[in-house]
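The values are calculated or read from the model by the stated rules, or taken from the named source; none is laboratory data. Quick caveat: nothing in here was measured; it's all calculated off a predicted structure. Note that we place each Cβ from the backbone using ideal geometry, even for glycine, and neighbour counts take in every protein chain shown.
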Amino acid sequence: MRVVLNPFKILAPLLGVALVGSAVLRAQIPSPAEQAVGYSKATAADPIARLQQRINTGELALAYDETHGYLPAVLQALNVPVASQGLVFSRTSLQVDRIAPWSPRAIYFTDDVYVGWVQGGPIMEIASVDPRLGAVFYTLTQERAERPTFERQGHTCLQCHDSSASTGGVPGFIMRSVVADRHGYPVAADAGATTDSTPLSKRWGGWYVTGGLGSLQHMGNALAPALRGEMGNVETYLAKRPVVATGGLADLATQFDTEPYLSPHSDAVSLLVLAHQTYVHNLITLARYESLKASSYGNSATLPLPVQGAAERLLRAMFFVGEAAYPGRVTGTAAFESQFAARGPRDAKGRSLRDFDLETRLFRFPFSYLVYSEAFDALPSDVKAYLSRRIVQVLAGEDASADFARLSVADRLAIREILEATKPALLRG
């Protein structure tokens with residue numbers, strides 16, 4: 001059975017909340033994605049497209065589970081760890097009618113794939129990183145089939161996942177923090193996507209969070225006590241009754257029935273990584289699109305300003321410029337932390353860009369592990385050459401601007417040594 005999705009019933013995107021723009025206006029004005037790569041008609045070569053090819057040729061058969069449908073098999077086929085599970089109880093998804101504080105949506109991810117699952121839902125929602133196109137969106141019907149088919153989605157997902165406010169104007173990923181009422185309906189949202197610079201006190205609204213968070217105040221695990229219609233002026237109501245939580249939970253068994261889920265956790269460390277990864281992936285796509293659009297107007301001896309601006313934004317995000325302070329140590333409750341760090345690669349001293357700090361910042365060595373991603377490697381040569389020069393300048397201490405003042409001499413040296421051992425071409429332009 002083919003599931004037909006009604007875009008007008010969507011309240012929010014796969015990973016958060018976004019306003020739905022005018023479909024008529026968007027149809028009249030070609031999007032940056034169409035201008036840069038002919039997004040809607042281009043053939044995808046992302047992990048889901050490659051997985052579908054394996055299914056079609058009979059190389060791989062996805063096992064069907066009576067409780068979870070194709071979820072376990074898809075996670076295994078894509079090497080997505082169960083420990084990455086994050087649980088969203090706000091009604092912010094295609095399957096809004098099935099999500100609530102007592103039946104949250106589960107999100108699993110690896111470096112280039114995001115998988116969404118809802119209890120009893122007719123579909124799974126999958127977002128994948130295509131090195132050329134950026135984010136590509138799919139649904140998979142949760143009915144047993146000889147050869148399951150991932151159906152690529154267009155406007156249904158892009159009306160939220162391709163917006164200037166949430167994704168930078170490219171097909172991208174969104175993680176947001178919202179205030180939800182006791183039925184899970186969003187009543188207020190923050191001003192933008194959650195990134196590394198978002199204060200921890202403003203994160204995780206609409207999400208469950210497990211982990212050792214000490215006295216850290218955040219918005220996870222908390223519901224507005226009144227329904228939207230009972231609040232009157234929402235801003236006034238929330239100013240008097242702020243929705244905050246302190247500390248974390250060991251597991252979520254006291255909050256709802258966790259038996260239907262693959263894990264009773266919504267790991268804090270996983271959620272921190274998710275915020276970093278979704279933002280940087282969007283900036284990689286933006287830098288690529290800006291370069292491709294500029295090249296269509298002819299060659300230039302210097303990097304055009306829009307391309308340079310996008311590359312600088314990406315550079316700063318990869319160096320964690322403006323990263324929010326950690327008021328105390330954050331620990332997870334699942335195996336995510338150890339599993340993520342174990343994926344390396346490592347230098348001769350055993351150091352990796354995946355090593356966590358979690359006491360003063362996210363990573364011990366503040367430079368993004370997404371430098372190893374297919375998407376980064378597929379950046380246009382002019383962008384990669386520019387980034388290479390700037391990375392060398394920053395690590396050599398030649399850029400003395402305030403943006404990079406947080407990097408100690410030891411940080412710069414360690415990052416350079418790790419890159420020399422694991423991605424030497426990057427430092428040679």
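Answer yes or no: is there a residue in the range 228-238 that is modelled with pLDDT under 90 and among the acidic types (Asp, Glu). Walk me through it before giving the result.
Of the residues in the range 228-238, the ones modelled with pLDDT under 90 are 228-238.
Going one step further and asking which of them are among the acidic types (Asp, Glu), we end up with 230, 235.
Yes, the range 228-238 contains at least one residue that is modelled with pLDDT under 90 and among the acidic types (Asp, Glu).
Among the residues of the range 246-276, which ones are over 23 Å from THR110 (Cβ atoms) and in contact with a Phe, Trp or Tyr (Cβ under 8 Å, 6 or more places away or on another chain)?
LEU249, GLN255, PHE256, ASP257
Quick check on the range 248-277: of everything there that is in contact with a strand residue (DSSP E or B) (Cβ under 8 Å, 6 or more places away or on another chain) and polar (S, T, N, Q), which residue is nearest to ALA100 (Cα to Cα)?
GLN255
Residue under question is SER270, and the condition is that it be surrounded by 23 or more Cβ atoms within 10 Å (Cβ to Cβ), at pLDDT 95 or above and outside the structural domain of PRO81 (by TED's automatic domain parsing); does it hold?
Working: surrounded by 23 or more Cβ atoms within 10 Å (Cβ to Cβ): yes; at pLDDT 95 or above: yes; outside the structural domain of PRO81 (by TED's automatic domain parsing): yes.
For SER270, the condition - surrounded by 23 or more Cβ atoms within 10 Å (Cβ to Cβ), at pLDDT 95 or above and outside the structural domain of PRO81 (by TED's automatic domain parsing) - is met.
Confirm whether LEU292 is aliphatic (A, V, I, L, M) and at pLDDT 95 or above.
no
Quick check on the range 210-229. Is at least one of its residues assigned to a strand (DSSP E or B), over 24 Å from the mean Cα position of the chain (by Cα) and surrounded by 22 or more Cβ atoms within 10 Å (Cβ to Cβ)?
yes
In this structure, does ALA310 turn out to be modelled with pLDDT under 95, hydrophobic (A, V, I, L, M, F, W, C) and in contact with a Leu (Cβ under 9 Å, 6 or more places away or on another chain)?
no
So ASP97 clears everything in (1) of a type in the set (Asp, Glu); (2) surrounded by fewer than 24 Cβ atoms within 10 Å (Cβ to Cβ); (3) modelled with pLDDT of 95 or more except one condition, right? Which one?
So ASP97 meets the others, but not (3).
Just to be sure before I move on: is VAL115 crowded, with 24+ Cβ neighbours inside 10 Å and assigned by TED's automatic domain parsing to the domain that holds THR236 in the structure I sent?
Yes; evaluated as a whole, the condition is true for this residue.
Would you mind telling me which numbered condition in (1) surrounded by fewer than 21 Cβ atoms within 10 Å (Cβ to Cβ); (2) among the hydroxyl-bearing types (Ser, Thr, Tyr); (3) modelled with pLDDT of 95 or more THR156 fails?
In the conditions (1) surrounded by fewer than 21 Cβ atoms within 10 Å (Cβ to Cβ); (2) among the hydroxyl-bearing types (Ser, Thr, Tyr); (3) modelled with pLDDT of 95 or more, THR156 misses (3) alone.
Among the residues of the range 36-72, write down those that are in a helix (DSSP H, G or I) and free of Cβ contacts under 8 Å to residues at least 24 places away in the same chain.
Step one: of the range 36-72, the residues in a helix (DSSP H, G or I) are 36-37, 47-56, 71-72.
Within the range 36-72, ARG50, GLN53, ARG54 meet the criteria.
Taking the range 373-429, which residues are polar (S, T, N, Q), part of a loop (DSSP other than H, G, I, E, B) and at pLDDT 95 or above?
SER373, SER408
Does at least one position in the range 350-366 carry a residue that is within 27 Å of TYR289 (Cα to Cα) and crowded, with 18+ Cβ neighbours inside 10 Å?
Yes, the range 350-366 contains at least one residue that is within 27 Å of TYR289 (Cα to Cα) and crowded, with 18+ Cβ neighbours inside 10 Å.
Across the range 244-261, which residue is nearest to ASP357 (Cα to Cα) among those that are surrounded by fewer than 18 Cβ atoms within 10 Å (Cβ to Cβ) and in contact (Cβ under 8 Å) with a residue 24 or more places away in the chain?
GLY247
Using the structure shown, decide if PRO345 is farther than 30 Å from VAL383 by Cβ, touching a residue at least 60 places away in the same chain (Cβ under 8 Å) and surrounded by fewer than 22 Cβ atoms within 10 Å (Cβ to Cβ).
Details: farther than 30 Å from VAL383 by Cβ: no; touching a residue at least 60 places away in the same chain (Cβ under 8 Å): yes; surrounded by fewer than 22 Cβ atoms within 10 Å (Cβ to Cβ): yes.
Against the criterion (farther than 30 Å from VAL383 by Cβ, touching a residue at least 60 places away in the same chain (Cβ under 8 Å) and surrounded by fewer than 22 Cβ atoms within 10 Å (Cβ to Cβ)), PRO345 does not qualify.
Based on what the data block shows, is LEU305 within 26 Å of ALA193 (Cα to Cα) and in the same structural domain as SER338 (by TED's automatic domain parsing)?
Yes, satisfied.
Here is a check on your reading of the model: is LEU315 of a type in the set (A, V, I, L, M) and assigned by TED's automatic domain parsing to the domain that holds SER401?
On the way: of a type in the set (A, V, I, L, M): yes; assigned by TED's automatic domain parsing to the domain that holds SER401: yes.
So LEU315 passes the test.
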